[in-house]
Each structure stands twice: as C-alpha cells, then as structure tokens.
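All remarks here apply to the structure that follows.
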Amino acid sequence: MNQTLKPLRVPKVIRAALRLYRDNYKAYLKVAFIANLWSLLPLFILLLIIAVLTILFTTLVANNSSDFGLWLLGVLPLIIIGWLILVIYCSSKFFTNAALLSRLTFSQLTNQPETVQEGRRNITKLWKFFWLQFMVNLIISVFNIGLSIAQWLVFDLPASKIQGIIGFILTITGNVCYFVAYLWIYVRFFIPEVPFVIEPEKDIFQAITRSWKLSQGFSWQIILIVIASFFITLPLYVFSAIPIVIALISVAPLLQQSTVSPAILIGLWTSISGAIVSSVLIFSFLNIAALPFWQVIKGIIYYDLCFQKNLTINSNQ
C-alpha cells in the first residue's frame, strides 16, 4: 500500500488509517496491550506501596509503637526515588511500543512490511523515548505559557475593564484564538517519535526539528486530521470517565452538609480514589483500541509529508 495522499486530505488519511488498522489489528492490538500494561505498572506498584504502608501503620499504632514515623522518614525518600525511576522506565517502554506502531505503519506504506519482532529489533533507543516526549511536552508547555500570557494581556485584561457584550466578545475571542494557536503549536510537534523510531541516525533534537520542518505548510491539514481523529476516539475516552462522574454525583449531597465527620471524609476519599483508579483502568483498557489508531495516523502523516517534500528515508529496513 504505497498510494499517496494529496496533500493530507482528511477523508483519505482517516480511511487509510482505518484500512491499515483493520488489516493488521491483531499485531497492533498486541503491541498496544503491552504498551498499556507498562503504563499501568507504576500505578499498581504505587497502590501496593500504599497498602503495605497502611498495614504497617495500622499494626504499629495498635502496638503503640512510636518508631514508625522515624522509619518512614528514612525510607520514604528511597521509595519515592525508586518509584520515579520505575515511572521513567515504564514510560519509556510505553512510548517505545507506541512508536513501534508508527514504524510498522510506515513499513506497510513503503511496501517493506516488518513483523513486530523485526520492528523491535531495529529499536535501540529505549530510554531516549522518554526524554524525547519530555522535551516535546516541555517545549509545548513553554509555548502554552506564552500563549496564556498573550491571551491575558490582549483579551482578558481589557475584557475585565469593559462591561457588557463587548467584554464578553473579547473573552470568547481570546479563548478561540488561544485554542487555535495551541492546536497550531501542538501539530508542529505531533510526530517527532516517528522519525525517531524510523531513522536511527536521528537524535532527540533532530527528531523534534524534523517534525517542525515537515509540518511546515501543512499545519491546518494536520489540525483537521487531529480533530477528526479526536471525535472518532472520543466515545472511548468519555466512557472511561463514567466512574468519576458517578462518584461525584454520589458524594455531592455529603459535601453540602455543614459538618462532615472524619468517617464521612474517609468514605469520600475512598469513593473518589476508587473512581479515579477505575477510570484509569478503563481508560487503559480502551486505549488498547485507540492507541494503534493514533499511531497509524502519525505514521501516515509522516509518510505523506516525506513524499510531499521528496525526502529520502533511511530506516534500516
């Protein structure tokens, strides 16, 4: 399948993504399943740590032991450091598997199909995938801060001093301008993991630069593709929020009481915490289906942008 998309037409990209997904769903879902297991591991370990500490605390309090606080102060920093290292490692594994899906897509489009095992053998940058995503998020965050400041100075501040419909229009206009500008920045850094996983000679900054340069002149088409993809996968993400919505509805009457006992507070905390964990688990399960679609979209966009700009790809294939 090496047909070109001229140039990044939304219906053709979506149809191509759905077709590739359908033809390779077994391999894609397997990779996505592994990716989401890695993403859940830090949560499971954190819950285990909390459970163990709670049991220890309950036992020591029952025995009137005063050593628990001193022990916890000494051990807690080590637990936190170890858990953060685990988060970085598991995130790297998640991002690597996600990028692998885009690599498999690209290999299909170039008529050089790889198996999952072949694709994994050609990926040697495990830890760097975390730092790639960290740098991308940092760059987008810096732009986001700048956009927020600009929105406040140009729209929100004048709107706060103007009463009536004009102030309202200024506020709405500011929000729309912020949203559009943020989307424009976001899509410029939408695909850095794809050149990173396909072109082994690329380092982190070269992959980020590659995404920026390739998307130049095609930002609005990519925005439309992202919006269309978002609405396709939205039902999955909305469904994962149901436990939190139910929990909030159930605890709302309790929050309206003038006085809340410690037992009720513990019940509220347990209910909301359980809802959050349930939502995370549901999201991860549903993301097994959504993740391949997004990564296939990225692989198609990268392939077509390279074709549009007549770039040669060295992918070790």
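The values are calculated or read from the model by the stated rules, or taken from the named source; none is laboratory data. Please read all numbers here as calculations on a predicted model, not as lab measurements. Cβ placement follows ideal geometry from the backbone for every residue including glycine, while neighbour counts extend to all protein chains displayed.
Residue 171 fails exactly one of the following numbered conditions: (1) hydroxyl-bearing (Ser, Thr, Tyr); (2) more than 30 Å from residue 112 (Cα to Cα); (3) out of contact with any helix residue (DSSP H, G or I) (no Cβ under 8 Å at 6 or more places or on another chain). What is the number of that condition?
(3)
Would you confirm, using the coordinates I've provided, whether residue 307 is part of a helix (DSSP H, G or I), at pLDDT 80 or above and either more than 20 Å from residue 101 (Cα to Cα) or under 20 Å from the mean Cα position of the chain (by Cα) (or both)?
The answer is no for residue 307.
So which of 279, 284, 240, 229 is modelled with pLDDT of 85 or more, touching a Pro at 6+ places or on another chain (Cβ under 9 Å) and within 30 Å of residue 193 (Cβ to Cβ)?
279 is the lone residue from the list that is modelled with pLDDT of 85 or more, touching a Pro at 6+ places or on another chain (Cβ under 9 Å) and within 30 Å of residue 193 (Cβ to Cβ).
In the range 194-245, which residue that is outside any helix (DSSP H, G or I) and not basic (Lys, Arg) is surrounded by the most Cβ atoms within 10 Å (Cβ to Cβ)?
Looking at residues that are outside any helix (DSSP H, G or I) and not basic (Lys, Arg), I get 218.
Might you let me know whether the range 97-110 holds any residue that is modelled with pLDDT under 95, closer than 23 Å to residue 198 by Cβ and outside any helix (DSSP H, G or I)?
Yes: the range 97-110 contains one or more residues that are modelled with pLDDT under 95, closer than 23 Å to residue 198 by Cβ and outside any helix (DSSP H, G or I).
Would you mind telling me which numbered condition in (1) in a helix (DSSP H, G or I); (2) within 15 Å of residue 305 (Cα to Cα) residue 191 fails?
Going through the list (1) in a helix (DSSP H, G or I); (2) within 15 Å of residue 305 (Cα to Cα), residue 191 breaks only (1).
What are the pairs with Cβ atoms under 9 angstrom where one residue, in the range 196-214, is closer than 20 Å to residue 138 by Cβ and the other, located anywhere, is crowded, with 24+ Cβ neighbours inside 10 Å and among the acidic types (Asp, Glu)? Sequence gap at least six, or different chains.
Close Cβ pairs (under 9 Å, with a partner that is crowded, with 24+ Cβ neighbours inside 10 Å and among the acidic types (Asp, Glu)) amount to 207/193; 211/193.
Do you know which of the residues in the range 286-311 that are aliphatic (A, V, I, L, M) and surrounded by fewer than 24 Cβ atoms within 10 Å (Cβ to Cβ) is farthest from residue 20 (Cα to Cα)?
By that ranking, first place goes to 311.
What pairs come up if the first residue lies in the range 175-186 and is in contact (Cβ under 8 Å) with a residue 12 or more places away in the chain and under 17 Å from residue 217 (Cβ atoms), the second is surrounded by 13 or more Cβ atoms within 10 Å (Cβ to Cβ) and small (Gly, Ala, Ser), and their beta carbons are under 6 Å apart, counting only those six or more places apart or on different chains?
Close Cβ pairs satisfying both conditions: 184/219.
Exactly one of (1) more than 30 Å from residue 195 (Cα to Cα); (2) modelled with pLDDT of 75 or more; (3) surrounded by 11 or more Cβ atoms within 10 Å (Cβ to Cβ) is unmet by residue 249. Its number?
Of (1) more than 30 Å from residue 195 (Cα to Cα); (2) modelled with pLDDT of 75 or more; (3) surrounded by 11 or more Cβ atoms within 10 Å (Cβ to Cβ), only one is false for residue 249: (3).
Residue by residue, here is whether (1) in contact with a Phe, Trp or Tyr (Cβ under 6 Å, 6 or more places away or on another chain); (2) farther than 24 Å from residue 279 by Cα; (3) modelled with pLDDT of 70 or more holds:
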position: 36; (1), (2), (3): no, no, yes
position: 39; (1), (2), (3): yes, no, yes
position: 52; (1), (2), (3): no, no, yes
position: 62; (1), (2), (3): no, yes, no
position: 77; (1), (2), (3): no, yes, yes
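Would you check if there is a residue in the range 147-161 being part of a helix (DSSP H, G or I), among the hydrophobic types (A, V, I, L, M, F, W, C), at pLDDT below 90 and over 29 Å from residue 295 (Cβ atoms)?
yes
Please verify whether residue 170 is free of Cβ contacts under 8 Å to residues at least 40 places away in the same chain, touching a Pro at 6+ places or on another chain (Cβ under 9 Å) and surrounded by 13 or more Cβ atoms within 10 Å (Cβ to Cβ), treating the condition exactly as stated.
Taking the combined requirement at face value, the residue satisfies it.
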